[in-house]
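Colleague: Supplied in structure tokens, the structure appears directly below.
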Amino acid sequence: MSELRIALQRDRVAFQPGEDLVGAAYWKLDSPARALEVRLFWFTRGKGTEDAGVVQTVRFDEPKPEEARPFRFKLPAAPYSFSGKLISLIWALELVTEPAKEVQRLEITIAPGSQEVLLGTAPEDGARKKPFFARRVQ
């Protein structure tokens, strides 16, 4: 199996929206690849349907069997990394070989203060107030 690795500047894995993420992709391939890609994407984990979205990619064409190449992403303003009782949104980078589709993943955090947002829980007694916009005007 090939060796794939993603290294980030100063080993950071937590970022604020809008920051630059700088890193390098390293590989040692067992078989030739047409290209490799680093993908910045988010995905959901938890109950219900899982969702995902690729935000940016950096493609490395005609890679040597063993090589390191730099990459840079401008991080988006949203969505934030968050965890709740039922669902979480996780950001990650993946280094993917083509056509073999070997993958190395590194999870990261993108949120204000570089801290994952922890969602609160609903009141246990079930007594919820209607949001302001849902109230009837008499």
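The values are calculated or read from the model by the stated rules, or taken from the named source; none is laboratory data. Quantities reported herein were computed from a predicted structural model and do not represent experimental measurements. Cβ sites come from the backbone with ideal geometry, for glycine too, and all protein chains shown count toward neighbours.
Colleague: In the stretch 75-94, what residues are β-branched (Val, Ile, Thr) and under 11 Å from the mean Cα position of the chain (by Cα)? Give the steps one after another, and end with the answer.
Modeller: Start the filter on the stretch 75-94 by keeping residues that are β-branched (Val, Ile, Thr), which leaves 87, 90.
90, the sole residue that qualifies.
Colleague: Say whether the condition of being at pLDDT 95 or above, in contact with a strand residue (DSSP E or B) (Cβ under 9 Å, 6 or more places away or on another chain), surrounded by 16 or more Cβ atoms within 10 Å (Cβ to Cβ) and of a type in the set (Asp, Glu) is met by at least one residue in the stretch 33-50.
Modeller: So far as the stretch 33-50 goes, yes, one or more of its residues are at pLDDT 95 or above, in contact with a strand residue (DSSP E or B) (Cβ under 9 Å, 6 or more places away or on another chain), surrounded by 16 or more Cβ atoms within 10 Å (Cβ to Cβ) and of a type in the set (Asp, Glu).
Colleague: Also, quick follow-up: Any chance you could count how many residues in the stretch 1-32 are touching a residue at least 60 places away in the same chain (Cβ under 8 Å) and either more than 18 Å from residue 70 (Cα to Cα) or assigned to a strand (DSSP E or B) (or both)?
Modeller: 15
Colleague: Still on this structure, I have one more. Cβ-Cβ below 8 Å, separation at least six or inter-chain, first residue in the stretch 93-105 and modelled with pLDDT of 95 or more and buried (at least 18 other Cβ atoms within 10 Å of the Cβ), second outside any strand (DSSP E or B) and among the aliphatic types (A, V, I, L, M): which pairs?
Modeller: 97/29; 97/33; 102/1
Colleague: Of the conditions (1) surrounded by fewer than 12 Cβ atoms within 10 Å (Cβ to Cβ); (2) under 30 Å from residue 42 (Cα atoms); (3) at pLDDT 50 or above, residue 121 clears all except one; give me its number.
Modeller: Looking at each condition in turn, residue 121 falls short on (3).
Colleague: Then there's this: List the residue pairs whose Cβ atoms are under 6 Å apart, where the first residue sits in the stretch 42-55 and is part of a loop (DSSP other than H, G, I, E, B), the second is modelled with pLDDT under 95, and the two are 6 or more positions apart or on different chains.
Modeller: Listed pairs, sorted by first residue: 47/86.
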